[in-house]
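Some notes on the structure that comes next.
Only the coordinates and a few stated rules stand behind these numbers; no lab work does. Quantities reported herein were computed from a predicted structural model and do not represent experimental measurements. Neighbour counts are summed over all protein chains in view; Cβ atoms, including those assigned to glycine, are modelled from backbone coordinates with ideal geometry.
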Amino acid sequence: MAARPVLNTYASRFSRWDDLASVRRRPRRHLVDRADLYFPPELYPVVSHPIVVARGPAVVRTLLLHRLYDYLHFTTELENLAVIPVAAKIARGTSGLLLPRQMQADAFKIVTDEAWHAQFSYDFTQELEHVTGVPRGGGGIPVFTQRLDEIVALFPREIAGLEALVFAIVSETLISGILSEIPRDERLPRPVRDLVRDHAEDEGRHHVYFRSVLRHLWPALTLRERRAVGPHVPAIIQAFLIPDHGQVATRLASVGLSAEEIVQVVTECWPEHELMGPIAESAAPAVRYFTEVGALDDSRTRCAFVEAGLLADDAGSDIGRSKQLTDGVSRTPRDSNAPRSTTT
Ligand SMILES: [Fe+2]
Ligand SMILES: [Fe+2]
């Protein structure tokens, strides 16, 4: 990407980091007692499907515990694979972007925050296993990694390397229902709520930061680079937000559902026409930021956003009308975990 003058539009949200960051100010969250409910059933619709309900409350409890395991694992993977490497490059001045010095300095704090999120998610998983006696088992690798690999394969060679920056910008500016809803769900154990709240508060600062990264990145790209990257942004958004149906299928199989039942449960719980609304809602801030920087001035990019159901088209039709969202069930998060607070 071409070098451009440094934009002086950065207002740091990290000046009080020592007083606010969870890694500096919050205690370790420890799970001591067993609970009946570990994850909000409303955020995991399969547990309300009649086929699952008929298996009894113990199966529902297990599935919700597994859902928490999968969320924690997703967090650890996302931080380590998508965010920390990019923030570390920005901190070291090797991202390819010319950024204000304060922005570079703040990236070190983001690396520290995200490493802490990954660590406490991992540690908490071990405590959960110990307290509940239920092993995490094989939830598999979160599907976003495979989806992102597929998108990278479509990138033209001249923009190779840019994808990591765009992935991080997208994932850090999406809004996650888990981060916003779990902290206030009084049915859940206090340590679970506190752990997610700690994360959500840090992510509020990251969200603002990565919006600023986008404001620096986009003008630094050539027109050709913008046209090459822009049409892929909707797929990147979807890579993080379309539910991980493969993981759900694995979990349902582990409690004894047949392949046929799994397809029925997944299909009926996430009908395609209902999937778009929450995804568009979670992506709304990110879509606005890409619009603000002019990414959607390119007609192919704009078209891709409309096709993906992330933007109303010029004729004013509703968001969410086309584009298939299946990827097999075998269809299968910064949250497949779909939607409201930033994802990691
Ligand atoms: Fe973050
Ligand atoms: Fe995070």
Subject >> Coil-residue GluC sites (Glu not before Pro) of the range 158-252, DSSP, other Cβ within 10 Å capped at 16 >> reply: 186
Original post:
Among rounded, prolate and oblate, which fits the chain when a ≥ b ≥ c are the square roots of the eigenvalues of its C-alpha gyration tensor, a/c under 1.5 means rounded, and a/b larger than b/c means prolate?
Top reply: oblate
**OP:** Under 1.5 on a/c is rounded, so check that first for the range 105-260, then, if it is not, pick prolate when a/b is larger than b/c and oblate when it is not; a ≥ b ≥ c are the square roots of the alpha carbon gyration tensor eigenvalues.
**Re:** oblate
**OP:** Let me know the shape class of the range 218-276, please: from the alpha-carbon gyration tensor, a ≥ b ≥ c as square roots of the eigenvalues, rounded when a/c is under 1.5, otherwise prolate if a/b is greater than b/c, or oblate.
**Re:** prolate
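Run the numbers on the range 66-112 and let me know its relative contact order in percent, using alpha-carbon pairs under 8 Å that are six or more apart. Write out the running numbers ahead of the final one.
Values: 22 pairs, mean separation 17.4, N = 47.
Relative contact order of the range 66-112: 37 percent.
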Original post:
Once phi is turned into θ = phi - 60°, what whole-Hz ³J(HN,Hα) does the Karplus curve with 6.51, -1.76 and 1.60 give for every residue of the range 276-282, x standing for Gly and Pro?
Top reply: 5, x, x, 5, 4, 5, 5
Subject >> Phi to ³J(HN,Hα) by Karplus 6.51 cos²θ - 1.76 cosθ + 1.60 over the range 96-105, Hz, x for Gly, Pro >> reply: x, 9, 8, 10, x, 4, 5, 5, 5, 5
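Contact order normalised by length for the range 150-209, with contacts defined as Cα pairs under 8 Å and 6 or more residues apart; what percent is it?
Details: 25 pairs, mean separation 17.6, N = 60.
It rounds to 29 percent for the range 150-209.
If each residue's Cβ is checked for other Cβ atoms within 10 Å, how do 9, 250 rank with the fewest at the top? It would help to have the intermediate numbers written out before the result.
Details: 9 9, 250 18.
Ranking 9, 250 by Cβ neighbours within 10 Å, fewest first, gives 9, 250.
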**OP:** Would you be so kind as to identify which of 74, 111, 179 lies farthest towards the positive end of the dipole of the chain, taking Lys and Arg as +1 and Asp and Glu as -1 on Cβ and the Cα centre as origin?
**Re:** 111
Original post:
Using alpha-carbon pairs under 8 Å, 6+ residues apart, how would you state the relative contact order of the range 1-84 in percent?
Top reply: 21 percent
Original post:
Counting other Cβ atoms within 10 Å, which chymotrypsin sites (Phe, Trp or Tyr not before Pro) in the range 155-231 have at most 10 and lie in a DSSP loop?
Top reply: none
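Using the crude model of +1 on Lys and Arg Cβ and -1 on Asp and Glu Cβ, and no other charge, please compute the dipole size for the chain relative to its Cα centre, in debye to 20. It would help to have the intermediate numbers written out before the result.
On the way: 39 positive and 44 negative charges, 196 e Å.
The calculation lands at about 940 debye.
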